[in-house]
Each structure stands twice: as C-alpha cells, then as structure tokens.
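The values are calculated or read from the model by the stated rules, or taken from the named source; none is laboratory data. From a predicted model like this one, the values you see are computed outputs, not experimental measurements. Methodologically, a virtual Cβ is constructed for each residue, glycine included, from the backbone with ideal geometry; neighbour enumeration extends over all protein chains shown. The protein model used for the area step is the full one, side chains on, heavy atoms only, and it has no ligands, DNA or RNA in it. Shrake-Rupley method; radii C 1.70, N 1.55, O 1.52, S 1.80 Å.
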Amino acid sequence: MRTARLHHVGAAPEDADCKTRRELDKALFQQLLTGKWIRDKRNLMITGPCGVGKTWLACALAQAACREGVTVLYKRVPRLFDELEIAHADGRFPRLFRSLTKTQLLILDDWGPDRLNANQRRDLMEIVEDRYGAGSILITSQLPLKTWH
C-alpha cells in the first residue's frame, strides 16, 4: 500500500456506495474486486463526469489488489508527464520507466483533459507497449470515449 501511493489511501472496497448517482453496477464492481482482470493482464477504464468518485473507485480496486499481494502504482496523468520530462533531463528515466512497466497494476488517473505533445505520446506508447501482456492499466477519465483524441 505504501509503494502504491494511492490518492485515497482509505478507499476501502467494503465502503463502495453503489446507490449514488455514479450508476455503479454492484455485481460488476464485486467481480472486479476479485482481481481476475489483473491476473489476466486486462485493462480497465472508469469514465464519468467530474465528482462521481472515479478516483476513489480506482483506489478501492487498488486496495483490494494490494491485499492480494498485487503490486500497484498510482499516477495522475498530468503529473506523470511532468515527472517523465524531468526524468529524461536528469537521467532517472530508465528507473522511472522500469517502475511504470514492472508493477502489476498501473493506475493512470485523470486521463484526457490536455492534448499530448510528441514526447508524451512517445513515452505513453512505450509504457503501454512494454506493459502489453505483462500487466494491467486502470485509466480514469471524465471525458467520454468519443471525445478522446
């Protein structure tokens, strides 16, 4: 849990509220809590409007995974790209890249508000490519899929 650096450390899966306006399917959430999607190295996207608890749900799923011994790393997308840019400049990129690609579950929170520049697109492609078939990615976004660039 400490190395996951979750935004909502106290997001316990038992506390998930399936009755509020987030339209969370309780049966689906319970299925996701089993972690089969992570063991199968599948990916997950949680989308919805601002304020419905996407980040909290991602952290609750991450906490459940941590309880099962899964390695998790949480990153807010805007800060991740800042961190990658600095890592390229100061020589830490290989170590940061390794941490992003070797963890079993990588959470990319708040995807989509800003367009990516060429370096960000390249870094993201390399991360996704190295993770393909090796680990899961959970993405949260307030943007509907049809508006993704």
- Message: If you filter the stretch 64-149 for trypsin sites (Lys or Arg not before Pro), then keep DSSP loop positions with at most 10 other Cβ within 10 Å, what is left?
- Response: Arg115
- Rounded, prolate or oblate: which fits the stretch 52-146, taking a ≥ b ≥ c as square roots of the Cα gyration tensor eigenvalues, rounded meaning a/c under 1.5, else prolate when a/b beats b/c? oblate
- Message: Just to confirm a number: summing +1 for Lys and Arg and -1 for Asp and Glu over residues other than Gln142 whose beta-carbon lies under 11 angstrom from that of Gln142, what do you get?
- Response: -1
- Taking the Cα-to-Cβ direction at Leu44 and at Glu85 and moving 7 Å from each Cα, how far apart do the two end points lie in nm? 3.1 nm
- Between Ala118 and Lys26, what is the FRET efficiency for a Förster distance of 41 Å, r being their Cβ-Cβ separation, to the nearest 0.05? 0.45
- Query: Where does each of Lys41, Lys36 land when they are ordered by accessible area, with a 1.4 Å probe and the largest first?
  - Reply: Lys36, Lys41
- Per the 1/(1 + (r/R0)^6) rule, R0 = 35 Å and r from the Cβ atoms of Thr71 and Lys146, FRET efficiency to 0.05 is 0.60
- Message: So if each residue of separation counts as 0.36 nm, and I subtract the Cα-Cα distance between Met125 and Thr34, what length gain in nm does that give?
- Response: 29.9 nm
